[in-house]
Amino acid sequence: MSKTGSMFLFYFSITLAIASSALYHFVAKSTPANVNFTVSLLVTYAAAFALTLLTFFFFPVENGVIAELKKLNWASIGLSFAVLGIEFGYLLMYRAGWNLGIAAVLVTVIASLILVPVAVFVFKDKISWVNIAGILVCLIGLLMLNWKR
C-alpha cells in the first residue's frame, strides 16, 4: 500500500469509527422504549447483514468465501457476544434514564482502563509515562463526570 493510501486509511478508519460511534449512541437513545429488545436487534442485525453483503463490492473475496471462512478463529464468535452485550447494555442504560453524553464516556473510559493491562501483558503494547498521565486524567475525568452537584 502506498504512503498516501496508508495515510488515507489511517485517518479514514478513525473518522469512520468516531462518526459511527456517535451515530450509534444517537440511534440507540432514539430507539422506542416500548419496543421489544429482541425485535429491535433482529431488524438491526438483518439490516447490518444486508449492508455487509454490499461491502463485497468494495472488498472482494479473492479465494472464495469458503476459503475465508476456514481462516476464522474463535474471535468472530466472541465478537458476536461482545456486540450483543454492547447493544443490550446501551439499550438498557438509555431506557433506565442514563444521560446520552455521560453513559458513552463512562463506558468507553472504564472499558479502556480495563484494556490497559490486557494491552500491555497480552499484546505486549508499550505505554509511556505520557500515556500513564493520560490514564490518570481519565480517572479524574470519571470522578468529575460523577460528581454530585
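The values are calculated or read from the model by the stated rules, or taken from the named source; none is laboratory data. The structure displayed is predicted, hence computed values, not measured ones. Here the Cβ positions follow ideal geometry from the backbone for every residue, glycine too, while neighbour counts run over all protein chains shown. SASA here: full protein model, heavy atoms, side chains in, ligands and nucleic acids out. Shrake-Rupley method; radii C 1.70, N 1.55, O 1.52, S 1.80 Å.
Annotation: average projected area of region 7-93 is 7.2 square nanometres, based on the convex hull of Cα atoms across all directions. Projecting label points 7 angstrom from Cα along Cα→Cβ for S21 and L136 puts them 2.4 nm apart. Given Cα pairs under 8 Å that are at least 6 residues apart, what percent is the relative contact order of the chain? With pairs under 8 Å counted, the relative contact order is 30 percent. Surface listing: F58, F10 arranged by accessible area from highest to lowest gives F58, F10, probe 1.4 Å.
Cross-link pairs exceeding 30 Å between alpha carbons, from the set K29/K71; K124/K148; K71/K124; K70/K124: K29/K71; K124/K148. Element breakdown for region 20-149 at a 1.4 angstrom probe: carbon and sulfur atoms account for 76% of the accessible area. The solvent-accessible area of T55, taken with every protein chain present and a 1.4 Å probe, is close to 60 Å². Accessible surface area normalised per residue over the chain is 81 Å², counting heavy atoms of protein chains with a 1.4 Å rolling probe.
Computed from phi, the 3J(HN,Hα) profile of region 127-133 under the Karplus parametrisation 6.51, -1.76, 1.60 (θ = phi - 60°) reads 10, 9, 5, 5, 4, 5, 4 Hz, with x in place of Gly and Pro. For region 23-111, GluC sites (Glu not before Pro) are listed when DSSP marks them as loop and at most 11 other Cβ atoms sit within 10 Å of their Cβ; the list is E62.
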